[in-house]
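Encoded as structure tokens, the structure appears first; notes follow it.
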Amino acid sequence: MAGPPHAKSGFQKWQDTIRRARCDTTWAEYDADIRSTVGEFNTHLKPSSGYVPLDWRLIKAMAWTETGAAASLWKSNPMQIGMFNDPGLDQLLSGAPASRLILPAWKRPLTRKDVRTTPLYNIRAGVGYLLLKLARFEVKDVLDKDNTIHQLTVKAGDSFDKLAHAHGSTVAVMQALNPGVRVLHPGQVLKYQKASRQTVITGWRAATTANVAMYYNGGGDAAYAKKLDFALSVIQQGNVPPCRP
């Protein structure tokens, strides 16, 4: 005689909800916003070193995992960034050099109020924060576009640091242009090139579900990557007829 059916776990119940979501248009209402947002970031970051275009379906899977159409936050904050004392939004909107590199130049910049109340801006912030965490940054000497090599004459009291600051260059660039010169003397003629110390993107962590769980969710949900994998697999099936939950 067969025993009573096993009760479904919370994860299994969530999976049932996600299977049904494929056939519910409410769960697809932000598709256009997600596509356009991902497209903007992909265009903006394409020139950066090693950037691989983001798949908009991954962001949709994140929204399904973060909230989902059955949750009240779906109507205002589908990516949940900026909610429940989440520090991610403050990092993104800090104005730090890294954040400025990641965010496209929108006509209407992101604000905390917009991100916390309007789905489109919440999606933009969510994608921006994810990419901020996936990017690898370094501070480097960056040459100006003008490649002209100039000359200067050392005066009493000058140092590489003082001269670099005065002439819009950097110590490293000046030392590279003047190999072997370590001690400065009045009357020396040095070469210099316009340059500055800048934060630059030097590479990217892969946009895998495991990395999203680590860098976006921050380990708050041990099953996050597993949920993302499942939601993404359902989303990749599409919602064209016949649609069977």
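Side notes on the structure shown:
- Ordering I201, W27, Q80 by the projection of their Cα atoms onto the charge dipole of the chain, which places +1 on the Cβ of Lys and Arg and -1 on the Cβ of Asp and Glu, puts W27 at the extreme positive end.
- Measuring r between the beta carbons of K140 and D16 and using R0 = 51 Å, the FRET efficiency lands at 0.50.
- Near-label residues of region 118-147 by backbone N, under 18 Å of a point 7 Å along Cα→Cβ of R35: 120-121, 123-124
- What you get for the chain, charging only the Cβ of Lys and Arg (+1) and of Asp and Glu (-1), is a dipole of about 120 debye around the Cα centre.
- Whole-Å distance, taken between Cα centres, linking region 124-203 and region 1-57: 44
- Using the Karplus relation 6.51 cos²θ - 1.76 cosθ + 1.60 with θ = phi - 60°, the per-residue 3J(HN,Hα) values for region 83-98 come to 9, 6, 6, 5, x, x, 5, 5, 5, 5, 9, 5, x, 5, x, 4 Hz, with x marking Gly and Pro.
- FRET efficiency for A223 and A172, using Cβ-Cβ distance with R0 set to 51 Å, rounded to 0.05: 0.60
- At full extension, D161 and D86 could sit 22.9 nm farther apart than now, given 0.36 nm per residue minus the alpha carbon distance.
- For the chain, built as a Gaussian network whose Cα springs stay under 10 Å, the top-fluctuating residue of M174, M214, M62: M174
- Dimensions in Å of the chain - Rg and Dmax from alpha carbons: 25.3, 102
- Of K107/K145; K107/K227; K8/K227, pairs whose Cα-Cα distance is over 24 Å: K107/K145; K107/K227
- Unsatisfied cross-links (Cα-Cα over 24 Å) in the set K46/K140; K140/K162; K155/K194; K60/K113; K133/K162; K113/K140: K133/K162; K113/K140
- Net lengthening on full extension, V52/A98 (0.36 nm per residue, minus Cα-Cα): 14.8 nm
Readers should treat all values here as calculations from the given coordinates under stated rules, not as data from a laboratory. Since we're looking at a predicted model, the values are computed, not measured. For neighbour counting, all protein chains shown are included, and Cβ atoms are generated from backbone atoms with ideal geometry for every residue, glycine included.
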